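Peer 1: Have a look at this one before I ask anything.
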Amino acid sequence: MSAPLLQVRQLGKRFGGFVALDGVDIDVAPGERIGLIGPNGSGKSTLVNCICGTLRNETGSVTFSGEKMDGLIAHERTRRGLARSFQLPRPFMSMTVADNIRVPLLYTVAFRVGHHVSKAEADDRCMELLKLVALDAKAARNPRDLTQVEMRKLELARAMAAEPKLLIADESMAGLSHSEVEDIVALLIRLNESGITIIMIEHIMRAVMSFSQRLVVLVSGKKIADGKPDDVIKEREVIGAYLGQ
Amino acid sequence: MRTPVFILLQIAVATALYFILRAADNDYLFFLGYTVLEFIVLATAWNILGGYCGYVNFGSAGFFAIGAYTSVFFYTVGQSLEDLFPENLVGPLQSVFPLPVPVLVVIGGIVAGLVGLGTGYLTLRLRGVFFAIATLALSVVLQTFVLNWSFVGGSRGAYIIPPDKVPIFGPYIQYLFVLMLALVILSLTCARLIERSRLGYGFATIRDDELAAEACGVPTLRLKLIATTLSGALMGMAGAPLPFYIGYVEPGSAFDLSYAVNSIAMPMIGGTTSWAGPMIGAVLLGTLQQIATVTISSAVNLLIVGLLLIGFVIVAPSGIIGLWQGWMRRRKEA
């Protein structure tokens, strides 16, 4: 494995007496497609929140692109190339679809390239991203007018606008129909092929299996399996966690 | 419309307004106009934090009073140079004091801006009703401080004697009116620039969803500090000329609840998402209140504000601007 893009070491997080994460180790190589699964309450979202800086981990460390992320707040991590989408879409409701995409361009890309992104540049990039997720026809609409799957696509496009090295897609397919799930999986694979490393958190196993090159399983805040998807799902501990002992 | 054109247009409207009122040859119109303009600045300042960022500030009266009491402080210093400074300093200081009102406006803005910055730091993690209560508490704390500070008059208040006339303008109220017109131009330009800038996008993301904003790379805490500082500074600037306008300031009038209520109600009625909303609300509500004051009684002012606010919250929660935008959208779709 080449030098990891993301290195999570002994990550721990408690909520009062509840142990949400208990010494989790994960390495992610550049360009990888990883599926992160686990039953409800296993700590998947907490792990994402700790990696992205939304929550502070109590123990352990997160290293991204060779730089320690501990102590950096969420927007600083985003600016370094660590983007995420949310489990429940959180569009900026007072803005148009295009302006939702414009925000990361103005605040993340401009910061990274070290100069102001002109209006024309931003407009072009917005439309490019909206075309990628087939939302270009609704650029001037309000997110309220979007369907559930369109909302999920907007969420992904907004994360992509930050031009991330690593994208964490947190349950981007929850509540979608069969064809919509395939649509999103195809989109994520396209994004990965453009060079973005992706961690996909998902409950829909069909999607996870078709997407992932590697599967990581969390149960009760601990990593219980990490490997090729076909091997991982046969592991006794994984079957036990999903189907009961 | 480009910003320089917008500024020139404002100057043209302001000049026309000044000469129309001057032609009416009635100083009361300047007194009335000053109050309305003061409310435009206050409402615009409130809207930078409350409307653009979604942080409701109930302590506007506190920031306004900081401006007023900064003026009182420097006025009192100017009156007591012999008592406060050694003899060799009094001479040079007499050439500086009394400070001109525009300078006091700038100082009032700086002091209120710094208090705004401090408030921002103290309330960084507070949102919604908790933030609103904290700003209200700040206003109460400041009022208590001023009540017990005898140098600026304490509870007995302070008298300011402005000159009757000033060169070029004539009556002093006309000079204050023009000064407030300049502040209106400054605050509206500032609000419009924010609205169309990267800062405006950042503020809107804070209002909509702070977590998502951070995930998009928006430094929400820094932007909140910018908003509290800017908003506080403009409120302080609006308050700085007050002692020269009313001639007597006491904590009860400078920290009057009506400033806080009006600075919230005016943007709500006009619309909080645009620079024009607070201005429309202030002109409408400010004029109505002044008319009510001279025709019915000053006591009905807050009743008018309350009734209008209830009406707008029910009928047009996005304010007049929202109504206008909705009407335009429907027309476009038809």
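The values are calculated or read from the model by the stated rules, or taken from the named source; none is laboratory data. Everything numeric in this text was worked out from a predicted model, so none of it was measured. Every residue, glycine among them, receives a Cβ derived from its backbone with ideal geometry; neighbour counts consider all protein chains shown.
Peer 1: So, of the residues in the stretch A:149-173 that are in a helix (DSSP H, G or I) and without any contact (Cβ under 8 Å) to a residue 40 or more places away in the chain, which turns out to be nearest to A:ILE196 (Cα to Cα)?
Peer 2: Step one: list which residues in the stretch A:149-173 are in a helix (DSSP H, G or I), which gives A:149-161.
Narrowing further to those that are without any contact (Cβ under 8 Å) to a residue 40 or more places away in the chain: A:149-150, A:153.
Numbers: A:VAL149: 22, A:GLU150: 21, A:LYS153: 16 Å.
Filtering the stretch A:149-173 for residues that are in a helix (DSSP H, G or I) and without any contact (Cβ under 8 Å) to a residue 40 or more places away in the chain, the one nearest to A:ILE196 (Cα to Cα) comes out as A:LYS153.
Peer 1: Something else about it: Given (1) in contact with a helix residue (DSSP H, G or I) (Cβ under 8 Å, 6 or more places away or on another chain); (2) over 27 Å from B:ARG329 (Cα atoms), where does A:GLY114 come up short, assuming only one miss?
Peer 2: (1)
Peer 1: For the stretch B:84-103, state whether one or more residues are out of contact with any His (no Cβ under 8 Å at 6 or more places or on another chain) and within 21 Å of B:GLY50 (Cβ to Cβ).
Peer 2: Residues of the stretch B:84-103 out of contact with any His (no Cβ under 8 Å at 6 or more places or on another chain): B:84-103.
Keeping just the survivors that are within 21 Å of B:GLY50 (Cβ to Cβ) gives none.
Checking the stretch B:84-103: not a single residue is out of contact with any His (no Cβ under 8 Å at 6 or more places or on another chain) and within 21 Å of B:GLY50 (Cβ to Cβ).
Peer 1: Which of the residues belonging to the stretch B:256-283 are closer than 13 Å to B:ALA65 by Cα and surrounded by 24 or more Cβ atoms within 10 Å (Cβ to Cβ)?
Peer 2: First, the residues of the stretch B:256-283 that are closer than 13 Å to B:ALA65 by Cα: B:256-260.
Passing the criteria: only B:TYR259.
Peer 1: Here is a further query. If you go through the stretch A:176-198 one residue at a time, do you hit one that is away from chain B (no Cβ under 14 Å), under 22 Å from A:ARG9 (Cβ atoms) and among the β-branched types (Val, Ile, Thr)? Show your work before the answer.
Peer 2: Looking only at the stretch A:176-198, we keep the residues that are away from chain B (no Cβ under 14 Å), and these are A:176-198.
Imposing the further condition that a residue be under 22 Å from A:ARG9 (Cβ atoms) reduces the set to A:197-198.
Of the ones still in play, those that are also among the β-branched types (Val, Ile, Thr) are A:197-198.
Within the stretch A:176-198, one or more residues are away from chain B (no Cβ under 14 Å), under 22 Å from A:ARG9 (Cβ atoms) and among the β-branched types (Val, Ile, Thr).
Peer 1: Next question, about the same structure. Among the residues of the stretch B:202-219 satisfying the criterion of being under 21 Å from A:ARG80 (Cβ atoms), of a type outside the set (A, V, I, L, M) and facing another protein chain (nearest Cβ under 7 Å), which is surrounded by the fewest Cβ atoms within 10 Å (Cβ to Cβ)? I'd like the intermediate steps shown before the answer.
Peer 2: Going through the stretch B:202-219, the residues under 21 Å from A:ARG80 (Cβ atoms) turn out to be B:202, B:205, B:210-219.
Narrowing further to those that are of a type outside the set (A, V, I, L, M): B:202, B:205, B:210, B:214, B:216-217, B:219.
Pick out the ones that are also facing another protein chain (nearest Cβ under 7 Å) and you get B:202, B:205, B:214, B:216-217, B:219.
Numbers: B:GLY202: 27, B:THR205: 29, B:GLU214: 24, B:CYS216: 32, B:GLY217: 28, B:PRO219: 19.
Here the answer is B:PRO219.
Peer 1: Assuming A:SER179 fulfils every condition listed in (1) within 21 Å of A:PRO30 (Cβ to Cβ); (2) surrounded by fewer than 21 Cβ atoms within 10 Å (Cβ to Cβ) apart from one, which condition is it?
Peer 2: Every listed condition holds for A:SER179 apart from (1).
Peer 1: Being surrounded by 15 or more Cβ atoms within 10 Å (Cβ to Cβ) and of a type in the set (Val, Ile, Thr) is the requirement here; does B:ILE194 meet it? Steps first, answer last, please.
Peer 2: Numbers: surrounded by 15 or more Cβ atoms within 10 Å (Cβ to Cβ): yes; of a type in the set (Val, Ile, Thr): yes.
Considered against the rule, which asks whether it is surrounded by 15 or more Cβ atoms within 10 Å (Cβ to Cβ) and of a type in the set (Val, Ile, Thr), B:ILE194 comes out as yes.
Peer 1: So which of A:ALA140, A:ALA122, A:ALA159, A:ALA134 ends up being surrounded by fewer than 16 Cβ atoms within 10 Å (Cβ to Cβ), within 14 Å of chain B (Cβ to nearest Cβ) and in contact with a helix residue (DSSP H, G or I) (Cβ under 8 Å, 6 or more places away or on another chain)? Explain how you work it out, then say what you get.
Peer 2: On the way: A:ALA122 fails: surrounded by fewer than 16 Cβ atoms within 10 Å (Cβ to Cβ); A:ALA159 fails: surrounded by fewer than 16 Cβ atoms within 10 Å (Cβ to Cβ); A:ALA134 fails: within 14 Å of chain B (Cβ to nearest Cβ).
Going through A:ALA140, A:ALA122, A:ALA159, A:ALA134 in turn, the sole match is A:ALA140.
Peer 1: Still on this model: Name every residue in the stretch A:5-26 that is surrounded by fewer than 18 Cβ atoms within 10 Å (Cβ to Cβ) and either without any contact (Cβ under 8 Å) to a residue 40 or more places away in the chain or within 18 Å of the chain's Cα centre (by Cα) (or both), in order of residue number.
Peer 2: Passing the criteria: A:PHE15, A:GLY16, A:GLY17, A:PHE18, A:ASP25.
Peer 1: Among the residues that make up the stretch B:82-104, is at least one of them part of a helix (DSSP H, G or I), surrounded by 23 or more Cβ atoms within 10 Å (Cβ to Cβ) and in contact with a Ser or Thr (Cβ under 8 Å, 6 or more places away or on another chain)? Lay out the reasoning, then the answer.
Peer 2: Quick first cut of the stretch B:82-104, residues part of a helix (DSSP H, G or I) only: B:82-84, B:87-96, B:101-104.
Okay, now just the ones that are also surrounded by 23 or more Cβ atoms within 10 Å (Cβ to Cβ), so B:104.
Right, trim to in contact with a Ser or Thr (Cβ under 8 Å, 6 or more places away or on another chain) and you get B:104.
Yes, the conditions are met somewhere in the stretch B:82-104.
Peer 1: For the stretch A:5-24, which residues satisfy the criterion of being closer than 13 Å to A:ILE198 by Cα and not in a strand (DSSP E or B)?
Peer 2: A:LEU5
Peer 1: For the stretch A:190-245, which fully contained strands (runs of 3 or more DSSP E) count at least 1 residues that are closer than 23 Å to A:LEU5 by Cβ, of a type outside the set (Phe, Trp, Tyr) and within 16 Å of the chain's Cα centre (by Cα)? Spell out the reasoning first.
Peer 2: Numbers: elements: A:197-201, A:214-219, A:222-227.
Filter on the stretch A:190-245 gives A:197-201, A:214-219.
Each row is one residue, and each column tells you yes or no for (1) modelled with pLDDT of 95 or more; (2) more than 30 Å from A:LEU88 (Cα to Cα); (3) not β-branched (Val, Ile, Thr).
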| site | (1), (2), (3) |
| --- | --- |
| B:SER155 | no, yes, yes |
| B:VAL178 | yes, yes, no |
| B:CYS190 | yes, yes, yes |
| B:ALA227 | yes, no, yes |
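Peer 1: Continuing with the same structure: Please verify whether the stretch B:190-201 includes one or more residues that are more than 8 Å from chain A (Cβ to nearest Cβ), under 30 Å from B:TYR69 (Cβ atoms), in contact with a helix residue (DSSP H, G or I) (Cβ under 6 Å, 6 or more places away or on another chain) and without any contact (Cβ under 8 Å) to a residue 40 or more places away in the chain. Can you show your working first?
Peer 2: Here is the first cut: in the stretch B:190-201, the ones more than 8 Å from chain A (Cβ to nearest Cβ) are B:190-197, B:199-200.
Adding the requirement that they be under 30 Å from B:TYR69 (Cβ atoms) leaves B:190-194, B:199.
Then keep just the ones that are in contact with a helix residue (DSSP H, G or I) (Cβ under 6 Å, 6 or more places away or on another chain); that gives B:191, B:194.
Filter once more, so that each one left must be without any contact (Cβ under 8 Å) to a residue 40 or more places away in the chain: none.
The answer is no; no qualifying residue exists.
Peer 1: Would you mind stating whether A:LEU47 is under 24 Å from A:ILE239 (Cα atoms) and touching a Cys at 6+ places or on another chain (Cβ under 9 Å)?
Peer 2: Working: under 24 Å from A:ILE239 (Cα atoms): yes; touching a Cys at 6+ places or on another chain (Cβ under 9 Å): no.
No.
Peer 1: Is it the case that B:ALA260 is over 30 Å from B:ALA158 (Cβ atoms) and either more than 7 Å from chain A (Cβ to nearest Cβ) or at pLDDT below 95 (or both)?
Peer 2: Details: over 30 Å from B:ALA158 (Cβ atoms): no; either more than 7 Å from chain A (Cβ to nearest Cβ) or at pLDDT below 95 (or both): yes.
Here the answer is no, as B:ALA260 does not meet what is asked.
Peer 1: Having 1 or more residues that are within 17 Å of B:ALA213 (Cα to Cα) and facing another protein chain (nearest Cβ under 9 Å) is the bar; report the strands (runs of 3 or more DSSP E) wholly within the stretch A:25-119 that clear it. Spell out how you get there, then give the answer.
Peer 2: Numbers: elements: A:33-37, A:59-64, A:82-85.
Result: A:82-85.
Peer 1: In the stretch A:16-54, how many are in contact with a helix residue (DSSP H, G or I) (Cβ under 7 Å, 6 or more places away or on another chain), of a type in the set (A, V, I, L, M) and under 16 Å from A:PRO229 (Cβ atoms)?
Peer 2: So the first thing to find is which residues in the stretch A:16-54 are in contact with a helix residue (DSSP H, G or I) (Cβ under 7 Å, 6 or more places away or on another chain), and the list is A:20-21, A:24, A:33, A:35-39, A:52-54.
Restricting the remaining residues to those that are of a type in the set (A, V, I, L, M) gives A:20-21, A:24, A:36-37.
From what's left, under 16 Å from A:PRO229 (Cβ atoms): A:36-37.
Total meeting the criteria: 2.
Peer 1: Could you tell me whether the stretch A:72-83 includes any residue that is touching a Leu at 6+ places or on another chain (Cβ under 6 Å), buried (at least 19 other Cβ atoms within 10 Å of the Cβ) and within 23 Å of A:LEU6 (Cα to Cα)?
Peer 2: So the first thing to find is which residues in the stretch A:72-83 are touching a Leu at 6+ places or on another chain (Cβ under 6 Å), and the list is A:82-83.
Next, from what is left, pick out any that are buried (at least 19 other Cβ atoms within 10 Å of the Cβ): A:82-83.
Within this subset, residues satisfying the condition of being within 23 Å of A:LEU6 (Cα to Cα) are A:82-83.
Yes.
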